[in-house]
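The next block holds one structure in the form of structure tokens; read it before the comments.
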Amino acid sequence: MKKLLLLNFFLFAIALTTIGQHSQSLYYMERLPQVTSMNPAIQPVSNFYLGFPVISNVNLNIGNNTLSFDDVIFESEEVGSKITFLHPSYNIDNFLNKLNDNNDIFTEFSTNIFNIGFRAGDSYFTLNVQEKSDIRMSYPKDLATILLKGNEDFKGKTAEFGNFSAFSSHYLEYSLGYSQEISDELTFGVNVKYLNGLGLLKSKDFDLGLYTSEEGDSLSLTSDISLQGSAPVTVNTDSSNYIEDIESRDIEVSDLTSNPGFAFDFGATYEVMDDLQLSASVVDLGFINYNNTSAHNYTIKGQYSFTGVDVSDEFGNEESTDPMENLEDSLKEEVKIEYSDQGFLHFLGPKIYVGARYYLHERVDFGLLSRTQFYNGRMLQSFTLSANTRPIRGISLTASYSVLNNSYNNLGLGLILRLGPFQVYAMSDTFSAGLWPHKTQSFNMRFGLNFAFGNNPKKRILNNEPMIR
């Protein structure tokens, strides 16, 4: 049973992605109105667009930053068939050596509820409503070692689990955007966002260590853990603040607006010369205020030493006490647990985009993009190189190569088709997952359909508007 649970966990790690990865190929596909979510200064080519609920934007990211399928299930020459890393013939140290000190898994999903945008002279205005969900987990290598090998390697040492973190978020985002061409070279843009938190669970602090004596006959657990969450439930505790039960309650209309927040996006583009453009943006700089109508806070502090359970009295003594009850009582005395429903602020993980774009021809250009995200006190970095072309009217193509999630085999593709007033698109930074799925650590995809007007190049020439957009 334990091996089955561990196998399912690591398969789950492969099926889930690293931290909130947008489709980076989108950044240089300015014919799509969704590009303003990455840099509000980039003005869509269309003079007017309208987005439909759900079908205008579906964004899915799944994966991890450490393991591929081949690391979990692989061919064994010794056995002569496929085995898992839990097979008795396999040296588990080979698997553990593939793990990082911090190992991330997560999934992200977002979809459109409503969006609209239009050009007014040198200005562009947008209004977007989106629903976003994000699940992440980071686990340290020491935790995997304890689960797979036990504490044999930690005699006289402390296994540190302080890098462990868990996070789940679900919220609505209302965004009002404005961009302005300050000059022929410089464009500035901003998105002002109002947020509604619908649900949250996160480990704010997680300091946990497990010390094993040199003889291996006793364990000492030290904990200083802080958890925060928001959900429409009622938590009942005993006199020691241990949770006795959790009662769900009906979701009310007020739950959709009771956790307000604000965020901002800033961006700029600058034409260094006729064929070279630089750009930069800061996205999701803000917070959500989870108030005490649905907030839950839990802290666990203390130190507990475990030398085993005495079960000798269990045999032939009807009046003996349950040793597990004694263990539970002792644990409650040594480890202090506190619960409160005090509200708290949750800060979003801001992202920084820096890009450069070179126009080889009016129909062909190349882009380089750097993406930096701040998450759980860490800085996560990725890069994308793309080639973009518009071979004929109504078709835009993008091919990309990305360094994502500590992996270097990510080839991406993007396609935009304009069918009259309709704009159909699909893109992925990891299209190569279909070519070598057994070597892939993550997968993302974005697709949808927009209603767009004002893309006629002849009218742009008559209005003396730039052709390269």
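The criterion of at least 3 residues that are open to solvent by 40 Å² or more (accessible area, probe 1.4 Å) is met by the following strands (runs of 3 or more DSSP E) wholly inside the range 127-217: 165-181, 186-212.
Which of the residues that make up the range 231-280 are β-branched (Val, Ile, Thr), open to solvent by less than 30 Å² (accessible area, probe 1.4 Å) and farther than 24 Å from residue 338 by Cα? Before you say what the answer is, go through the steps one by one.
Residues of the range 231-280 β-branched (Val, Ile, Thr): 233-235, 237, 243, 246, 251, 253, 257, 269, 272.
After this cut, where a residue has to be open to solvent by less than 30 Å² (accessible area, probe 1.4 Å) as well, the list is 235, 269.
269, the sole residue that qualifies.
Residue 392 passes every criterion in (1) touching a Gly at 6+ places or on another chain (Cβ under 7 Å); (2) at pLDDT 85 or above apart from (1).
Annotation: of all residues in the range 76-105 being touching a residue at least 60 places away in the same chain (Cβ under 8 Å) and open to solvent by less than 40 Å² (accessible area, probe 1.4 Å), the one that is nearest to residue 161 (Cα to Cα) is 103. Restricting attention to the range 352-373, the residues being surrounded by fewer than 20 Cβ atoms within 10 Å (Cβ to Cβ) and either in contact with a Pro (Cβ under 6 Å, 6 or more places away or on another chain) or among the basic types (Lys, Arg) (or both) number 1. Looking only at the range 388-437, which residues are closer than 29 Å to residue 102 by Cβ, part of a strand (DSSP E or B), open to solvent by 10 Å² or more (accessible area, probe 1.4 Å) and hydrophobic (A, V, I, L, M, F, W, C)? Passing the criteria: 403, 411.
The values are calculated or read from the model by the stated rules, or taken from the named source; none is laboratory data. Being a predicted model, the structure only gives us computed values, none of them experimental. FYI the Cβ positions are ideal-geometry reconstructions off the backbone, even for glycines, and counts take in every protein chain you see. For the accessible areas, the whole protein counts, side chains as well, though only heavy atoms, and no ligand, DNA or RNA atoms are used. Shrake-Rupley method; radii C 1.70, N 1.55, O 1.52, S 1.80 Å.
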